[in-house]
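I have placed the structure first, in the form of structure tokens, so that the comments after it can refer back to it.
The values are calculated or read from the model by the stated rules, or taken from the named source; none is laboratory data. Please read all numbers here as calculations on a predicted model, not as lab measurements. Please note: Cβ atoms are built from the backbone with ideal geometry, for glycine as well, and neighbour counts cover all protein chains shown. Note: accessible area is taken over every heavy atom of the protein model, side chains too, but ligands, DNA and RNA are not part of it. Shrake-Rupley method; radii C 1.70, N 1.55, O 1.52, S 1.80 Å.
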Amino acid sequence: MSEELRWLSTRELAKKIATKEISAREALSDHLERIDAINPAINAVVTRDDEAAAARADAADQAVAKGEPIGPLHGVPMTHKDTHDTAGLRTTWGSPIMADRVPDTDSLSISRLKAAGVNTTGKTNVPEFAAGSHTFNPVFGTTLNPYDTSKSASGSSGGVGAVLASGIQASGDGSDTGGSLRSPASFNNVVGFRPSNGRIPHTLPGNPFAWLAQSGFMARTVSDVALTMSATAGPQRGGPRSIDEPGNVFDLPEFGLGTDIEPDLNGVKIGFSPDLNGLLPLESEVHEIVADTANVFSSLGAGVLDTIPDLGDADEVFNVRRALDFVHSWGPLLEEHPDQIKDSVVWNIEMGLRLTGAEVVSADRARARLHGEVERFFGEHDLLVVTTCQVLPFDAGIEYPTEINGVGLENYLDWMRALCLISATGCPAISVPAGFSQSGLPVGVQLVAKPGADVDLLRMAHAFEAVTQFHRRRPQLSASIP
């Protein structure tokens, strides 16, 4: 039973629970046993709620037995990212300042997952204040990569990526400012989707007008990303930037179980460049693997062109907006606890505090120009394809890479610039598995569509996944642990 359940998709597991083929209690037991077996090796799950989860599983089984209405994720066990508030279960952001914080309410994505039937079982590890794409913090330590436990699982949704890759669960929630869903997807050979602003709206008590950070999902398949989005996307009162479409727009036939729709990208026009025409330094193996995906897209009928948008304004837009968001979120904590925040977070907050009015206005003007360029490009193309990460999974003992192919990097954000630039555009983006290095480390490719074209983006990513099947390769760690 355990090996069978371990690699089911979320769709498959939810269907088996709904049809009484397995019970929610059995699904939970396997999930917890897998955490017991594998978490000591990867340190991905940092908070557990076993007793309450067992009670919820029993209630889920009773509901099925009585024929009561159930949600699309009924009884599915799931850990959540430790930046998403979970009522009654601690949410620490990996910070000593908030190590004992227990919120009273759920964040929007968590409340919608629970409404769909998810059984919350615990929390997954994050970098301190979710800053940086390497998951380590002074509260819980470092999360390791299931494909090589000497390597980083990336971040900030690194704990999520590691539990998916290691067979603990098939889908998980996360968030993405500078690549925090896409980067760990690449490092862990899973899918990571950053939706358009407003798909999962920003609401109070946070900043309802935020746009750079987005809640989204990771999964082992594009189909499961679509399933979780269908359960959580949609407008929300108090969310002024809500997209006025329900989550069921993600319920497409090709994402369902047992479909035989042939993958097809005929007529799709793709702007393709692994390194954005030399803008990004890339490790050679990463460049080679991503470059090879052009043949896949061509074989699916797409027109692959070497044209890309001008992203010259994206650095300024991203850096200024991120710095201001850090001041908004963490500025007061820096005043109260200046010695309990890691240097890179302090650096980003202080950058925001130093910004002048002229610099903020300049960034707004740059964003307007960038928006115009995005509209121009996607008026002629359906998709932009670029690398997800510029490097292979790196040594877990360092904070971040300081050079790529001899090119020095100035700060903790520079090594993930391929992701930050896309975040600045406001476009939905997804990382899907693209292959492996000679040493067996995963590499992802990043697909980008115009704002609002989330469903079309998932459809195109699904076609790529269907013919490549890289997502089916599992880490050897799964074979060495019962």
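The figures follow:
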read-out	value
Interchain or long-range residues, amide H under 5 Å from His202's placed H	Arg241
Sum of -39500 (n - 2.57) over DSSP H runs of 4+, divided by residues of the chain (222 nm, nearest 500)	-12000 deg cm²/dmol
Unit charges on C-beta of K, R, D, E only; dipole of the range 41-194, Debye	340
Scattering curve values for the range 44-170, log₁₀ I(q)/I(0), Debye with Cα scatterers, q = 0.10, 0.14 Å⁻¹	-0.33, -0.61
Virtual spin-label span in nm between Arg473 and Val249, 7 Å along Cα→Cβ	3.5
Residue pairs, from the table Lys123/Lys342; Lys20/Lys81; Lys81/Lys450; Lys16/Lys66, whose Cα atoms sit over 25 Å apart	Lys20/Lys81; Lys81/Lys450
Label selected from (i) 0.91; (ii) 0.99; (iii) 1.08, the criterion being Cα Rg over 2.2 N^0.38 Å as computed here	(i)
Solvent-accessible area per residue, Å², over the range 18-138 with all protein chains present [probe radius 1.4 Å]	36
The chain, relative contact order in percent, only Cα pairs under 8 angstrom and at least six apart counted	16
Efficiency of FRET between Lys269 and Trp347 - r from beta-carbon atoms, R0 60 angstrom, step 0.05	0.90
Beta bridges per DSSP with both ends in the chain, % antiparallel, nearest 5	75
Cα shape, the range 143-294, gyration tensor, a/c 1.5 rule	rounded
Net charge dipole size for the range 247-404 [Lys, Arg +1 and Asp, Glu -1 on Cβ; Debye, nearest 20]	540
For peptides 301-310, 380-389, 410-419, sequence by mean Cβ density within 10 Å, most packed first	380-389, 410-419, 301-310
Table column - 3J(HN,Hα) (Hz), the range 264-275, Karplus curve with 6.51, -1.76, 1.60, x for Gly and Pro	8, 10, 4, x, 6, 9, 10, x, 10, 6, x, 10
Percent carbon-and-sulfur accessible area, the chain, ignoring ligands, DNA and RNA, probe 1.4 Å	49
Under Karplus coefficients 6.51, -1.76 and 1.60, residue-wise ³J(HN,Hα) of the range 314-331 in Hz, glycine/proline x	5, 4, 4, 4, 5, 5, 6, 5, 5, 4, 5, 5, 5, 4, 4, 7, 10, x
Difference of contour (0.36 nm per residue) and Cα-Cα distance, Ala41 to Arg369	113.4 nm
FRET efficiency for Asp58 and Trp211, using Cβ-Cβ distance with R0 set to 30 Å, rounded to 0.05	0.15
The range 403-482 shape via C-alpha gyration tensor axes, a/c threshold 1.5	oblate
Surface accessible to a 1.4 Å probe, His80 within the full protein complex, Å²	0
